[in-house]
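First the structure, in the form of structure tokens, and then the observations on it.
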Amino acid sequence: MKKENILKGVAFMLSVTVLTSCLKNKNEQPDFSSTTPVVEIPVGSPMGDGSVNSLSTSLVQKDAASDYVFYINYAASTTKTTDIKVTLAVNPAMIDNYNAAHADAKVTIVPSTAFSLPSTITIPAGQRRVQVPVKFVSNLLSPDITYGLPVTITDASGEVISKNFASVVIKVAVRNKYDGVYSFKGYVFREGDPVLTGNFSGLSKDLVTNGANALDFSQVWSNGGGVAGIDGLKINVNPTTNKVTMTSASNATLQNDPAYDNRYDPATKTFYLSFKWGTSPATRSATDTLTYTGLRP
């Protein structure tokens, strides 16, 4: 009996030892000590199609330069005790590579006058990552075009440059100066329908860039529900006079109310709109006020 208890005890200790060993191995962290350190431009979602990795930004047209940053990373198990000077270059050939893989979403290289980028950046000793500042001159870019800035690492103080993360195309979309979130109120008329006819207020509306001086828009009824039959509704601004013309891609009867001054007030960033569509007994009209409250997400 005593011998049996001793054997059980030994078996128990062995099982505890094996279990402890398994748990230790399960939670052990990866060993990066044998990994070759590389300098790279990290991205959240690398391309899986063999083309150039990309980053994206959206700019609002304005006179002052717009700031943007991306990162250079030293991927290694330990930091360097000396600075790493990284040399950068703009490589137009990367745009061709990117466009070949994205025929349905091609980009145009950013004009040299519309950006500034340092040719070198330093990862300080003891650090792994550094920001690379870029300035874009948004008023030299068109909202009708998606741009790309192709950047590549050409040297890194003798350090190995990553093969898969050495380059990036920074895709740049431009929002026109009217783009944004607006408070929305007004009056809408639907002939023969007292329920959907009336005033509305307290709403918020995103006005989205559709060209250099135009915005996509959608009308509502007095209950806040969407209006059908006028798809492709667009606010068209004359940048010289600030006068506004309303159009609908799907309804040729839609036009400005000739008795109303359709306009944009740049001082208050407010649109004053009045337009009508349809013929009796199905006439409709809307008179809206939209005031800028901030940038769209």
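Every number in this text was worked out from the coordinates using simple rules, so none of it is lab data. Owing to the predicted nature of the structure, the values given are computational and were not obtained by experimental measurement. Counting neighbours? That spans all protein chains shown, and the Cβs are built from the backbone with ideal geometry, glycine included.
Within the same chain, aspartates and glutamates fewer than 8 places from residue 234 are excluded, and of the rest, those with a Cα less than 18 Å from its Cα are 144, 179, 206, 216, 257, 261, 265, 288. First check a/c for the range 109-205, with a ≥ b ≥ c the square roots of the eigenvalues of its C-alpha gyration tensor; if it is under 1.5, answer rounded, and if not, answer prolate when a/b is larger than b/c or oblate otherwise. In terms of gyration-tensor shape, prolate. Give me the base-10 log of I(q)/I(0) for the range 140-179 at each q in 0.21 Å⁻¹, Debye formula, one uniform scatterer per Cα, rounded to two decimals. With one equal scatterer per Cα and no solvent, log10 I(q)/I(0) is -0.70.
Contact order, relative form, for the range 170-292: 24 percent (alpha carbon pairs under 8 Å, 6 or more residues apart, mean separation divided by residue count).
Taking R0 as 51 Å, what FRET efficiency do you get between residue 181 and residue 97 from their Cβ-Cβ distance, rounded to the nearest 0.05?
Numbers: r = 37 Å, r/R0 = 0.72.
That gives a FRET efficiency of 0.90.
With the helix formula -39500 (n - 2.57) applied to DSSP H stretches of n ≥ 4, the chain reaches a computed 222 nm mean residue ellipticity of -4000 deg cm²/dmol. What residue among 98, 54, 75 has its Cα farthest toward the positive end of the dipole of the range 44-116, where the charges are +1 on Lys, Arg and -1 on Asp, Glu, each on the Cβ? The Cα lying farthest towards the positive end belongs to 75.
Compute, for the chain, the length of the dipole vector about the Cα centre, with Cβ point charges of +1 (Lys, Arg) and -1 (Asp, Glu) only. Units Debye, rounded to 20.
Values: 26 positive and 23 negative charges, 175 e Å.
Using only the charged Cβ atoms, the result is roughly 840 debye.
Could you grab the relative contact order for the chain? Cα pairs under 8 Å, six or more apart, rounded to a whole percent. If you can, show how the numbers build up before the last one.
Details: 632 pairs, mean separation 45.8, N = 297.
For the chain, the relative contact order is 15 percent.
Taking the centroid of alpha carbons for each part, the range 249-297 and the range 33-101 are 44 Å apart.
In sequence order, the range 60-74 has phi-based couplings of 9, 4, 7, 6, 6, 5, 9, 8, 9, 10, 10, 10, 10, 10, 9 Hz under the Karplus curve 6.51 cos²θ - 1.76 cosθ + 1.60, θ = phi - 60°, and Gly or Pro positions carry x.
Computed from point charges on the beta carbon alone (+1 for Lys and Arg, -1 for Asp and Glu), the dipole magnitude for the range 36-140 about its Cα centre is near 300 Debye. Strictly greater than 23 Å: what percent of every Cα pair in the range 52-184 meets that? Result for the distance tail: 39 percent. Counting Lys and Arg as +1 and Asp and Glu as -1, what is the net charge of the other residues whose Cβ lies under 14 Å from the Cβ of residue 160? Result for the local shell: -1.
For the range 121-164, the Kirkwood radius over C-alpha pairs fed into Stokes-Einstein at 37 °C and 0.692 mPa s yields D = 236 µm² per second. Rounded to the nearest 20 debye, the dipole size of the range 181-297 about its Cα centre is 160 debye, using +1 on the Cβ of Lys and Arg and -1 on the Cβ of Asp and Glu.
Using 0.36 nm per residue of separation minus the Cα-Cα distance, give me the extension gain between residue 78 and residue 173 in nm, one decimal.
Numbers: separation 95, 0.36 × 95 = 34.20 nm, distance 3.75 nm.
Residue separation times 0.36 nm, minus the Cα-Cα distance, leaves 30.5 nm.
Taking the C-alpha atoms only, the angle from helix 2-27 to the longest principal axis of the chain is near 50 degrees.
Note on the chain: GNM, Cα springs under 10 Å; of 116, 280, 222, the largest mean-square fluctuation is that of 280.
For the chain, the alpha carbon positions stretch 102, 66, 35 Å along the principal axes, listed from largest to smallest.
Take the Cα atoms of the range 54-99, build their convex hull, and give its volume per residue in Å³. Kindly include the intermediate steps, with their values, before the conclusion.
Values: hull volume 7.4 nm³, N = 46.
Output value, Cα hull per residue: 161 Å³.
Expected output is a single nm value to one decimal: the length gained when fully extending between residue 267 and residue 140, i.e. 0.36 nm times separation in residues minus the C-alpha distance. What is it?
Details: separation 127, 0.36 × 127 = 45.72 nm, distance 2.28 nm.
Gain on extension, residue 267 to residue 140, equals 43.4 nm.
Multiplying the residue separation of residue 69 and residue 89 by 0.36 nm and subtracting their alpha-carbon distance yields 5.6 nm.
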